[in-house]
1. Being aromatic (Phe, Trp, Tyr) and either within 18 Å of Ile150 (Cβ to Cβ) or surrounded by fewer than 18 Cβ atoms within 10 Å (Cβ to Cβ) (or both) is the filter here, so list the residues in the range 163-192 that pass it.
2. Of the residues that sit in the range 209-232 and are part of a loop (DSSP other than H, G, I, E, B) and within 18 Å of the chain's Cα centre (by Cα), which one is surrounded by the most Cβ atoms within 10 Å (Cβ to Cβ)?
3. Please determine whether any residue of the range 235-245 is assigned by TED's automatic domain parsing to the domain that holds Ala31, more than 19 Å from the chain's Cα centre (by Cα) and part of a strand (DSSP E or B).
4. Return the residues of the range 121-140 that are surrounded by 18 or more Cβ atoms within 10 Å (Cβ to Cβ) and within 23 Å of Ala98 (Cβ to Cβ); say none if nothing qualifies.
5. Going through the range 152-162 one residue at a time, which ones are closer than 25 Å to Gly114 by Cβ and surrounded by fewer than 21 Cβ atoms within 10 Å (Cβ to Cβ)?
6. Among (1) out of contact with any His (no Cβ under 9 Å at 6 or more places or on another chain); (2) crowded, with 24+ Cβ neighbours inside 10 Å, which single condition is Val235 missing?
Amino acid sequence: MYRMITSDLDETLLRADGSISAENVAAIQRATRAGIKFVPNTGRSFLSIQPLLKRLGLWQRSDQYVIAYNGGAVVENSNNRVWRQSPMPYQVAARVFAILQRFDVAIHVYTLTGLTIYHPRADDLAYLRTRGVRATPMLGAFDQFKTAPIMKVIAMNPSEAVRQAAKVAVVQNVQEPVNCTFSSGRYMEVNPVGVDKGTATLALGRHLGITAAEIMAIGDNANDVPMLTRVGCPVAVRNATPAVQAIVRHVTTADFECGVAEAISRWGMS
C-alpha cells in the first residue's frame, strides 16, 4: 500500500465537463480513511479546486495538501496555507508574454491568487467555466504584475502546430531557462526552470517523511511526465497520450470516468 497518491485533475480525475464520478470519490475517500495522503496535482490554481476538495472530504483539512500551478505552489488545505512557492522572475515572465503576443493565442498570466487573460477566446473561457475558474480580462500593460508573484504564463490555442511554434519561440528567445510543456490538448505552459509536478511531489514527500518509492502518481498528459517518472508507481489512465502510456508501469482499463478509482483499488491499496 502506498503512503501518498497524487493525481492530475483535468482529463485524469475529472470528466471532460469538469465533474468527478462517484467511483473516483469513493475510492479516494477509502484511501484517505486508510491513512493514505491524496494530493491533487494540477496546473490550475488551488483556489479553483475548493469545491472538489469539499466533495473529497479534504477541504480545510490540516496536513492535507494540493500541488498547484504545475508544481509552482504546494498548499496545505487548512486555510489554504502556502507551504512552498516557486514564482517566475518578473523579467522572465515579461519576456515570455512579449513572445507569445506574436501568436494567435490566449495568454494566461497566473499569480498566486488570480488569473488574468490577454486576448481571451470564447472556447477557452467556456472550458474554464467547466472547471470553476474565474478569470479577469487583461487591461493595461504587463507591468501591472511587477509586485505580484507570477506562477506561470501559458498560451491557449486548440491547434497543436500553433502551440508547438509558440514553445519553440519561447525556448529560442528567452535567455533564462524555462520549463515548457503541454496540457489538455489546448495549452502550452511555461514555468520557471526546475518547477514541475515531480519536483513538488518529492518535496512534499520529504516534508511528510514519504519516499518516492512510497508514492503513486496518476496522469494523462505531458505536464504529468515529471511526476510519473520520479515515483514508485506511475499510472496512466486509458485516455492518456501514447507518450505518457509508454513511460508508466500501469495503464488503467478505464478513462477519466473511473480510472483513478481503478488505480487505487488495483495497485494503490493492494
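1. Tyr187 - this is the single residue of the range 163-192 that is aromatic (Phe, Trp, Tyr) and either within 18 Å of Ile150 (Cβ to Cβ) or surrounded by fewer than 18 Cβ atoms within 10 Å (Cβ to Cβ) (or both).
2. Restricting to residues being part of a loop (DSSP other than H, G, I, E, B) and within 18 Å of the chain's Cα centre (by Cα), the top hit is Asp220.
3. Looking through the range 235-245, none of the residues is assigned by TED's automatic domain parsing to the domain that holds Ala31, more than 19 Å from the chain's Cα centre (by Cα) and part of a strand (DSSP E or B).
4. Of everything in the range 121-140, those that are surrounded by 18 or more Cβ atoms within 10 Å (Cβ to Cβ) and within 23 Å of Ala98 (Cβ to Cβ) turn out to be Asp124, Ala135, Met138.
5. Within the range 152-162, Asn157, Pro158 qualify.
6. (1)
The rows are residues; the columns are (1) among the acidic types (Asp, Glu); (2) at pLDDT 95 or above; (3) more than 15 Å from Thr201 (Cβ to Cβ); (4) surrounded by fewer than 17 Cβ atoms within 10 Å (Cβ to Cβ).
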| site | (1), (2), (3), (4) |
| --- | --- |
| Ser19 | no, yes, yes, yes |
| Ala26 | no, yes, yes, yes |
| Arg30 | no, yes, yes, yes |
| Arg33 | no, yes, yes, yes |
| Ile36 | no, yes, no, no |
| Ser45 | no, yes, yes, no |
| Trp59 | no, yes, yes, yes |
| Ala68 | no, yes, no, no |
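The values are calculated or read from the model by the stated rules, or taken from the named source; none is laboratory data. Remember, predicted model here, so these are calculated numbers, not experimental data. Note: ideal-geometry Cβ built from the backbone for every residue, glycine included; neighbour counts use all protein chains shown.
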